[in-house]
1. In the stretch 11-56, what residues are assigned to a helix (DSSP H, G or I) and not small (Gly, Ala, Ser)?
2. Can you name every residue in the stretch 26-52 that is modelled with pLDDT under 95 and surrounded by fewer than 20 Cβ atoms within 10 Å (Cβ to Cβ)?
3. Starting from the stretch 30-45, take each residue that is within 14 Å of Leu110 (Cα to Cα) and list its partners that are acidic (Asp, Glu), counting only C-beta distances under 9 angstrom and pairs at least six apart or across chains.
4. Among the residues of the stretch 83-120, write down those that are hydrophobic (A, V, I, L, M, F, W, C), buried (at least 20 other Cβ atoms within 10 Å of the Cβ), out of contact with any helix residue (DSSP H, G or I) (no Cβ under 8 Å at 6 or more places or on another chain) and farther than 22 Å from Leu200 by Cβ.
5. Against the definition (farther than 14 Å from Thr20 by Cα, touching a Lys or Arg at 6+ places or on another chain (Cβ under 9 Å) and either of a type outside the set (Gly, Ala, Ser) or crowded, with 20+ Cβ neighbours inside 10 Å (or both)), how does Ala80 come out, yes or no?
6. Would you check which residues across the stretch 171-217 are surrounded by 14 or more Cβ atoms within 10 Å (Cβ to Cβ), within 19 Å of Ser11 (Cβ to Cβ) and among the charged types (D, E, K, R) and list them?
7. In the stretch 126-144, is there at least one residue being among the basic types (Lys, Arg) and either crowded, with 22+ Cβ neighbours inside 10 Å or in a strand (DSSP E or B) (or both)?
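The values are calculated or read from the model by the stated rules, or taken from the named source; none is laboratory data. Values in this document were obtained by computation on a predicted structure and should not be read as measured data. Virtual Cβ from ideal backbone geometry, glycine too; neighbours counted across all protein chains shown.
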Amino acid sequence: MITTALDSLLSRTGPAPDGTRLLDTRAGCIRVSDTGGSGPVIVMTPDGPNVIEHHAPLTELLKRDARVVCFDMPGFGFSAPRAGYGHTLGQGSDVVLAVMDALDIREAALAFSCANGFYAIAAAKKAPQRIRRLLLAQTPGYSAMPAWTERNVPKAIQTPVVGQLLNRFARRKLAHVWYGMSMPDKPQRAEFRKTAAHALDHGACFCLAGVVQGLSRAQTDELSGVKVPTTLLWGDSDKSHKHTRAESLLELLPQAQIRHLPDCGHFPELEQPDVYVREVRASAA
């Protein structure tokens, strides 16, 4: 498709920052941070425009108990997508499993957020024996996403080709606006913006249009029937999800345990990492 080729062409990233490496996959070269170690594995991925560096404080807390792998999804951060990567559920879930394969990880908990949570659910459906637990944040039921998209994503970004071009040239502004909508704490918001702007200035990509368009084609049966134990943390102060019910996730995952965090926005695992780590430890007990 022309949109996937355009995404790939417009998403030529700069060199991977220190402390990370690139894994060659069918979807593209995936940037990964891996603490190593022999403990239980937690695999997580930033919710763009966040990048791996946003997760550094959380990684420091989690690595005391686990091997922590954090990677940029194709089209985000410093993971450039190949021309055929269209951000579909099937492709995204394959990326998760490909990263696990490349790092020789047989089983892991997936700590994913927002739209990336759907890739995690799809991976758990494909390989339930390899996914120990889903640790989701700000991922509602898939039925809630069309209305969320209409409220929060400009129509032009939802439009193939136009969206890719506009996204590329307005990516810094889109990131700036997004943090304003999604985070209630102004000092923390400023720090997140600074980290994202530094990454974008040094070659990071932010294929919002690609992921919005790719996931719009998802089918519920690609996500249904997953039995993996699931915990969802939900930031109640996220303005972008003001009209979204966290409990809509129960339509897909009736076994999910939902914890509301009143003072958190869109990134509860990053805004209150201590709380998140307590939840991870409690769910693993």
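1. Ile52, Glu53, His54, His55
2. Result: Arg26, Cys29, Gly36, Gly37, Ser38, Gly39, Pro40.
3. Pro40/Asp65; Pro40/Glu107; Val41/Glu107; Ile42/Asp65; Met44/Glu269; Thr45/Asp72
4. Val99, Met100
5. Considered against the rule, which asks whether it is farther than 14 Å from Thr20 by Cα, touching a Lys or Arg at 6+ places or on another chain (Cβ under 9 Å) and either of a type outside the set (Gly, Ala, Ser) or crowded, with 20+ Cβ neighbours inside 10 Å (or both), Ala80 comes out as yes.
6. Arg171, Arg172 - these are the residues of the stretch 171-217 that are surrounded by 14 or more Cβ atoms within 10 Å (Cβ to Cβ), within 19 Å of Ser11 (Cβ to Cβ) and among the charged types (D, E, K, R).
7. Among the residues of the stretch 126-144, at least one is among the basic types (Lys, Arg) and either crowded, with 22+ Cβ neighbours inside 10 Å or in a strand (DSSP E or B) (or both), which makes the answer yes.
Yes/no per residue for (1) polar (S, T, N, Q); (2) surrounded by 15 or more Cβ atoms within 10 Å (Cβ to Cβ); (3) in contact with a Gly (Cβ under 9 Å, 6 or more places away or on another chain):
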residue	(1), (2), (3)
Ala156	no, no, yes
Gln219	yes, no, no
Pro229	no, yes, no
Gly265	no, yes, yes
